[in-house]
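In what follows, a structure is listed as structure tokens, so that the remarks can point back to it.
The values are calculated or read from the model by the stated rules, or taken from the named source; none is laboratory data. In this text, all values refer to a predicted model and were calculated from it rather than measured experimentally. So basically every Cβ, Gly included, is an ideal-geometry build from the backbone, and we count neighbours across all protein chains shown. When the accessible area is computed, the model is the full protein with side chains, heavy atoms only, and any ligands, DNA or RNA have been set aside. Shrake-Rupley method; radii C 1.70, N 1.55, O 1.52, S 1.80 Å.
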Amino acid sequence: IQRYCEQLQEYLDEISRVKDGLVNFNESQRARLAAIVPRQQDIAGLFVQMQALAQRHGMVLPSLDISAAPAVTAADGAPAGSGLGELSITFSVSGQDYERFKLFVNDLQQNLRLFDITVISFSSALEGPYSLTLKTYYRP
């Protein structure tokens, strides 16, 4: 029992340290968190980000579609517990070869805002077009 009590106390101490760390977020850390998962959909900001990424790699972004994904529900029909909204982003880029496209995808992965790439398709590795579908998240 003594060992169990010690383990429980260690666990509670760790929870307390984590809680203190979360409470003591500085403004810089809060701004970073807001950029990763913003408080609203920020559709205009997403469009600007995608356009800037395409231009950085010498690509053309002829189309972009952003839509709110349906709310995820649990098996019993209640809303799922993540507390996050989800946006689906579908677009295509063209104008560069496959190597430049890989650099574009790498920049998407390194972007501060969280993106999950769900679909990539293309018909030619020479200049595309390369089509992508992404998910991104926000705190409603």
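Brief remarks on what is shown
- Set GLY81, GLY77: member being open to solvent by less than 80 Å² (accessible area, probe 1.4 Å), modelled with pLDDT under 90 and out of contact with any strand residue (DSSP E or B) (no Cβ under 6 Å at 6 or more places or on another chain): GLY77
- When region 32-68 is filtered for residues that are of a type in the set (A, V, I, L, M), assigned to a helix (DSSP H, G or I) and either surrounded by fewer than 16 Cβ atoms within 10 Å (Cβ to Cβ) or under 17 Å from the mean Cα position of the chain (by Cα) (or both), the ones remaining, listed by number, are LEU33, ALA34, ALA35, ILE36, ILE43, ALA44, LEU46, VAL48, MET50, ALA52, LEU53.
- Taking residues in region 26-39 that are in contact (Cβ under 8 Å) with a residue 24 or more places away in the chain, and partners anywhere that are aromatic (Phe, Trp, Tyr) and surrounded by 13 or more Cβ atoms within 10 Å (Cβ to Cβ), the pairs with Cβ atoms closer than 7 Å and at least 6 places apart or on different chains are VAL37/TYR137; VAL37/TYR138; PRO38/TYR138; ARG39/TYR138.
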